[in-house]
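Dumping the structure here so I can ask a few things about it.
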Amino acid sequence: MERSRIRDYFQQDLSQNETITPKQRSILQASLDLFAEKGFDQTSTSDIAQRAGVAEGTVYRRYKTKAALRDAILAPIAAHIVPILASDFSEDKLRQRYPSLQAFVTAIFTDRVAFAKANVKELKVIFEMAAFDAERREQLLSQIAPKMVKQMGSVINQLKADHLIVDWPNDLILQSLLSQLFGYLARLMLELPGTEIEREQAYLITVMTKILTPGEHDQITGQ
């Protein structure tokens, strides 16, 4: 079964938002589509108005600047859509018993990277908004972690029972994984110079496996 795309989630979220008008829905949907197709800087309010089927003055009345449009797009994505996408793992990832910590970390990374590649244009919009903004990045991560804890909790607990992963709170384990994954996907989406996709993915999997392997550092103590 084909996964829903980010655009579809966004369209559904807009249709269920009773606080905005039909014209606002058209403007926001057109903005996301154009930002994904052309990039934020290359998209004009005239482009947005034409795609939305409204006058350019209507765009300015609703949203004073492109930055306001960007924030209006990011708000529902951060609050409702990213958490769904982050925890939308295939069922086989949740049912299986992992023989090693590296197998678990590899499954997390490869599953989310595959999803990212299938939704690359829309994700570029999100990463361009959040990759270099610590506050937005933390907002996204804070929304993602609880969903993943709920969905992946039983898998992590089994790894703990098998003494394959550090005995940290599940949310901290996932937060550690997400921080590394977010940085990797940002480089992938933004096509930063020097990015060697396969090599960096293998490196990060190795690093996270070492960090989460039980040992002297697996007990967190207060000062």
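Please give the helices (runs of 4 or more DSSP H) falling wholly within the range 76-151 in which 2 or more residues are farther than 30 Å from Glu37 by Cβ and at pLDDT 75 or above. Outline the logic, then answer.
Working: elements: 82-86, 91-95, 101-118, 120-130.
Result: 91-95, 101-118.
Go through (1) of a type in the set (A, V, I, L, M, F, W, C); (2) buried (at least 19 other Cβ atoms within 10 Å of the Cβ); (3) assigned by TED's automatic domain parsing to the domain that holds Ser154 for Ala103 and report which single condition fails.
(2)
While we're here: Tell me whether the range 79-91 contains one or more residues that are in contact (Cβ under 8 Å) with a residue 60 or more places away in the chain, surrounded by fewer than 15 Cβ atoms within 10 Å (Cβ to Cβ), out of contact with any Gly (no Cβ under 7 Å at 6 or more places or on another chain) and not assigned by TED's automatic domain parsing to the domain that holds Ala202.
Initially, the range 79-91 is screened for residues in contact (Cβ under 8 Å) with a residue 60 or more places away in the chain, giving 79-89.
Subset that is surrounded by fewer than 15 Cβ atoms within 10 Å (Cβ to Cβ): 79.
Cutting the leftovers down to out of contact with any Gly (no Cβ under 7 Å at 6 or more places or on another chain) gives us 79.
From what is left, the residues that are not assigned by TED's automatic domain parsing to the domain that holds Ala202 are 79.
Checked the range 79-91: at least one residue is in contact (Cβ under 8 Å) with a residue 60 or more places away in the chain, surrounded by fewer than 15 Cβ atoms within 10 Å (Cβ to Cβ), out of contact with any Gly (no Cβ under 7 Å at 6 or more places or on another chain) and not assigned by TED's automatic domain parsing to the domain that holds Ala202.
Search the range 20-30 for residues being part of a helix (DSSP H, G or I) and of a type outside the set (Gly, Ala, Ser), and hand back the single one that is surrounded by the fewest Cβ atoms within 10 Å (Cβ to Cβ). Walk me through it before giving the result.
Just the residues of the range 20-30 that are part of a helix (DSSP H, G or I), to begin with: 22-30.
Applying the additional criterion that residues be of a type outside the set (Gly, Ala, Ser) yields 22-25, 27-29.
On the way: Pro22: 10, Lys23: 16, Gln24: 19, Arg25: 16, Ile27: 26, Leu28: 24, Gln29: 19.
This residue is Pro22.
Filter the range 31-49 down to the residues that are over 21 Å from the mean Cα position of the chain (by Cα) and part of a helix (DSSP H, G or I), then identify the one that is surrounded by the most Cβ atoms within 10 Å (Cβ to Cβ).
To start, the set of residues in the range 31-49 that are over 21 Å from the mean Cα position of the chain (by Cα) comprises 41-49.
Next, from what is left, pick out any that are part of a helix (DSSP H, G or I): 45-49.
Values: Thr45: 18, Ser46: 10, Asp47: 18, Ile48: 26, Ala49: 19.
Among those residues, the one meeting the criterion is Ile48.
The values are calculated or read from the model by the stated rules, or taken from the named source; none is laboratory data. Not measured: the values here are computed from a predicted model. Ideal geometry is used to build each Cβ from the backbone, glycine not excepted, and the neighbour counts take in all protein chains shown.
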